[in-house]
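This report concerns only the one structure given below.
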Amino acid sequence: MNIGILCHPTYGGSGVVATELGMFLAAKGYKVHFITYAQPVRLDILAENIYYHEVQVHEYPLFEFPPYELALASKVVQTALKWKLDVIHAHYAIPHAYAAISASRILREQGVKLPVITTLHGTDITVVGRNPAYKPAVTYSINHSDIVTAVSQSLKKDSYDNFDITKEIVVVPNFVDLKAFEKEIPCIKRQFAPEGQNIITHISNMRPVKRLHDVIRTFGLIRQSLPARLLMVGDGPEKEPARQLAREIGVIDDVIFVGNAVDIYRVLKCSDLLLLPSEKESFGLVALEAMAAGIPVISTNTGGLPEVNLNGITGFTANVGNVEDMAHYALKLLNDKSLYSRFSLNAIQNARKFSIEKIAPIYIALYEEAVGSL
Ligand code: GMT
C-alpha cells in the first residue's frame, strides 16, 4: 500500500505521532510518503520505503499570507498521481484535513480515488479549530473524511461537543516505541545534578497552554523541601517568562533550559519525575514517553491526560493550576522509595498498553477499510 502522510513537521506531538507511525509502517514494507514543507523532526529520510515530498509555497507580492493549503493540496494531487497513493492520512485537521479533502475531490474529477483518514490531535479541535475563523472549514473536512480518528475519548467528546459532526469518530490512542526505551542509554544525570539532586523534567513546546508558570511554581515548592533540579526541555514563547519567574522566586540556579536539540529518551532516562501541568491536553504524548522510561508523571487531570496518566497508579493528577497539590504529590513520590518504585513499574506496565506494535495495526485496518469502501 502507498500511504501519504500530512503532518506538521515541527516539534509537537502530532508530528511525532505521524512520523513514528510512518516509519513503523515503512519498516513493515508499506511505502510511506510524507508531504509537508520541511522534514519532520524525527523522520529518517534515508530509511527504506520512506519518501519525502517538499511542499513549496511561492511568494508573490500580492500575498500577505502565502496560500499553503493550495500548495499542499496541489502537491498531494501530484504525488498521488505520480506515486499511485492508495490513501492519505491527515494528522491535525488544520490545514491538513482540508487540503487532503480538496486534493481528493480534484483527483475524483480525474477518475482517481484517494480516501482520506483524518486524525484529530487536540488543539485542532479544542483551541484553534473551534475559532469561528476556521470552524466551518474544519467541520466540513471532518465530515467529508472517509474515516476520522481522535487520540483519546476526551478528544472524541470535545469534537462532538464543539462541532456539528455527522461522522463516527474512532478513538485510536497515541503510542510509543518501547524498543527505544529498552536500549541501554548512558545516563547524563551527573551532568545536570552533580550532587545527586532529584531531576524534575518538563518537556513541551512551551506555549501558554502548557502553563510553564505552574511548572516553575511547583518546582519552587518542591525545592523548598528537597534538593532538586528542574530540566526544561523544548522551546517556545513561554520560555523567557518562565525563566523570569524562576529568577523572581529564587530558583533560577536550579533550573536548566536545554532547548530542543536533545535526545528525549536520554533526558527521560535520567529524570526522576515528569511535570506536565497543562491547561489542555488531549493526550499528552510526553507523559506516555516518560512512563515508557519508568518515570512517574505529575500532571493535571485535564482532557485525555487521565486516560494516560492513571491517578495514584502511574503518577498523580491534580486540578489545573493547583501547584500545591502537584508539589505535594511530587514530594510524596520522591520521599518514599518503595512507593516510587511501584509507580515506576506501573508506569512501564501501563505504557505497554500503548506500544506501537499494538496501535499501528489499528491504523492499518482503517487504511484497508477506507481503501475497500471506495
Ligand atoms: O499541542 C498542540 O497544539 C498540537 C498538538 C501537537 O502537534 O503537538 O498536540 C496535541 O497532539 C498531541 C499528539 O496527539 C497530544 O499528545 C497533545 O496532547 C495535543 N495537545 C493538546 O491537546 C494541547
Log entry, pairs with first residue in the range 111-135 being within 14 Å of ILE169 (Cα to Cα), second being surrounded by fewer than 19 Cβ atoms within 10 Å (Cβ to Cβ) and of a type outside the set (Ser, Thr, Tyr), beta carbons closer than 7 Å, six or more apart or on different chains, reads ILE125/ASN162
State whether the residues of the range 125-133 include one that is within 23 Å of MET23 (Cβ to Cβ) and either of a type in the set (A, V, I, L, M) or buried (at least 22 other Cβ atoms within 10 Å of the Cβ) (or both). no
Residue in the range 176-198 that is within 14 Å of the ligand (Cβ to nearest atom) and either modelled with pLDDT under 95 or buried (at least 16 other Cβ atoms within 10 Å of the Cβ) (or both) present: yes
Kindly indicate whether ASN319 is free of Cβ contacts under 8 Å to residues at least 60 places away in the same chain and more than 14 Å from the ligand (Cβ to nearest atom). yes
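Which fully enclosed strands (runs of 3 or more DSSP E) of the range 1-112 have 1 or more residues being over 25 Å from the mean Cα position of the chain (by Cα)?
In the range 1-112, there are no strands (runs of 3 or more DSSP E) which contain 1 or more residues that are over 25 Å from the mean Cα position of the chain (by Cα).
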Take the residues of the range 252-284 that are in contact with a Lys or Arg (Cβ under 7 Å, 6 or more places away or on another chain) and crowded, with 22+ Cβ neighbours inside 10 Å: which is nearest to VAL41 (Cα to Cα)? SER278
Please list, ordered by first then second residue, the pairs with beta carbon atoms under 8 Å, 6 or more apart or interchain, first in the range 194-221 and under 16 Å from LEU334 (Cα atoms) and of a type outside the set (Gly, Ala, Ser), second part of a helix (DSSP H, G or I) and at pLDDT below 95. ILE199/LYS189; ILE199/PHE192; THR201/VAL267; THR201/LEU268
Pairs with Cβ under 6 Å, 6+ apart, first in the range 274-289 and more than 7 Å from the ligand (Cβ to nearest atom), second of a type in the set (Lys, Arg): PRO277/ARG211; GLU279/ARG211
Do we have LEU345 as within 24 Å of the chain's Cα centre (by Cα), over 30 Å from PRO115 (Cα atoms), among the aliphatic types (A, V, I, L, M) and within 16 Å of the ligand (Cβ to nearest atom) here? no
Where residues in the range 144-159 are buried (at least 21 other Cβ atoms within 10 Å of the Cβ) and assigned to a helix (DSSP H, G or I), which of them is nearest to the ligand (Cβ to nearest atom)? LEU155
Selection from the range 160-174 of residues that are crowded, with 16+ Cβ neighbours inside 10 Å and either among the aromatic types (Phe, Trp, Tyr) or in a helix (DSSP H, G or I) (or both): PHE163
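So which helices (runs of 4 or more DSSP H) are wholly in the range 285-350 and hold at least 1 residues that are assigned by TED's automatic domain parsing to the domain that holds ARG217, surrounded by fewer than 24 Cβ atoms within 10 Å (Cβ to Cβ) and among the acidic types (Asp, Glu)?
Those helices (runs of 4 or more DSSP H) span 305-308, 323-334.
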SER141 being in a helix (DSSP H, G or I), surrounded by 24 or more Cβ atoms within 10 Å (Cβ to Cβ) and within 16 Å of the ligand (Cβ to nearest atom): no
With the requirement that a residue be in a helix (DSSP H, G or I) and either more than 16 Å from the ligand (Cβ to nearest atom) or modelled with pLDDT of 95 or more (or both), what does the range 113-137 give you? LYS135, PRO136, ALA137
For the range 88-95, does any single residue satisfy the condition of being touching a residue at least 40 places away in the same chain (Cβ under 8 Å) and more than 20 Å from PRO9 (Cα to Cα)? no
Please pick out the residue among ASN162, ASN174 that is closer than 19 Å to PRO361 by Cβ, in contact (Cβ under 8 Å) with a residue 24 or more places away in the chain and touching a helix residue (DSSP H, G or I) at 6+ places or on another chain (Cβ under 8 Å). ASN174
What is the residue count in the range 259-305 for residues that are among the basic types (Lys, Arg) and at pLDDT 95 or above? 0
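The values are calculated or read from the model by the stated rules, or taken from the named source; none is laboratory data. Since this is a predicted model, take the numbers as computed values, not measurements. Using ideal geometry, Cβ is built from the backbone for each residue, glycine included, and neighbour counts are taken over all protein chains shown.
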